[in-house]
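This report refers to the structure that appears directly beneath it.
None of the figures in this text is laboratory data; all of them are computed from the coordinates on show. Because the structure is predicted, anything quoted here is derived from the model rather than measured. All Cβ positions, even for glycine, are placed from backbone atoms using ideal geometry, and neighbour counts span all protein chains on display.
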Amino acid sequence: MDHAEIRMLDLAVAIADHTARSDVECYARIASNPIGQTRYDLSQAQDVPGDEVVAQRAAEYIRLRGDILPYKLVCVDETVFFEDVRSCRVCGCTDGQACPGGCSWVGPDLCSACVDEAQED
Ligand SMILES: [Zn+2]
Ligand SMILES: [Zn+2]
């Protein structure tokens, strides 16, 4: 694969990551949210492809991608909700996926590997 192909693949994966979350948000039933946090009910499994199946597949995709995603899928009983993961505004690294060689937080959304780059802006 050349660089252009790898970029296309990265883009496709990034779109899939984004779509998986919105699939759950669109297709899962919204469960009660006792503390003002939207929860999605994935428990309504059906044999025929339907809305819930789309949501369950999307949730499974999210589980498989795990740490790499810019958000976290949290399960509570039969429902799930999303938590945004802290990420660097310059490079997009997260606690689960640090920069090559390692980095640490120097600001709410800035990592140590990107300090110089952020100051040049
Ligand atoms: Zn960074
Ligand atoms: Zn970093």
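Worth pointing out:
- Whenever a residue of the stretch 54-74 is surrounded by 15 or more Cβ atoms within 10 Å (Cβ to Cβ), its partners that are of a type in the set (Phe, Trp, Tyr) and outside any helix (DSSP H, G or I), lying with C-beta atoms within less than 7 angstrom and at least six residues away or across chains, give the pairs ALA55/TYR40; TYR71/PHE82; LYS72/PHE82; LEU73/PHE82.
- Residues located in the stretch 39-93, provided they are β-branched (Val, Ile, Thr) and touching a Gly at 6+ places or on another chain (Cβ under 9 Å): ILE68, VAL85
- Residue count for the stretch 92-111, restricted to those that are within 9 Å of ligand 1 (Cβ to nearest atom) and surrounded by 17 or more Cβ atoms within 10 Å (Cβ to Cβ): 4.
- Some residue of the stretch 5-24 being free of Cβ contacts under 8 Å to residues at least 60 places away in the same chain and not in a helix (DSSP H, G or I): no
Conditions (1) away from ligand 2 (no atom under 16 Å from the Cβ); (2) within 20 Å of LEU11 (Cα to Cα), marked per residue:
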residue: ASP41; (1), (2): yes, no
residue: GLU78; (1), (2): yes, no
residue: ARG86; (1), (2): no, no
residue: GLY92; (1), (2): no, yes
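- In the set TYR61, TYR40, only one residue is part of a helix (DSSP H, G or I) and aromatic (Phe, Trp, Tyr); that residue is TYR61.
- For the residues VAL115, VAL80, the requirement of being in a strand (DSSP E or B), surrounded by 13 or more Cβ atoms within 10 Å (Cβ to Cβ) and either under 20 Å from the mean Cα position of the chain (by Cα) or without any contact (Cβ under 8 Å) to a residue 40 or more places away in the chain (or both) singles out VAL80.
- Residue check, ALA31 within 15 Å of the chain's Cα centre (by Cα) and either among the aliphatic types (A, V, I, L, M) or surrounded by 10 or more Cβ atoms within 10 Å (Cβ to Cβ) (or both): no
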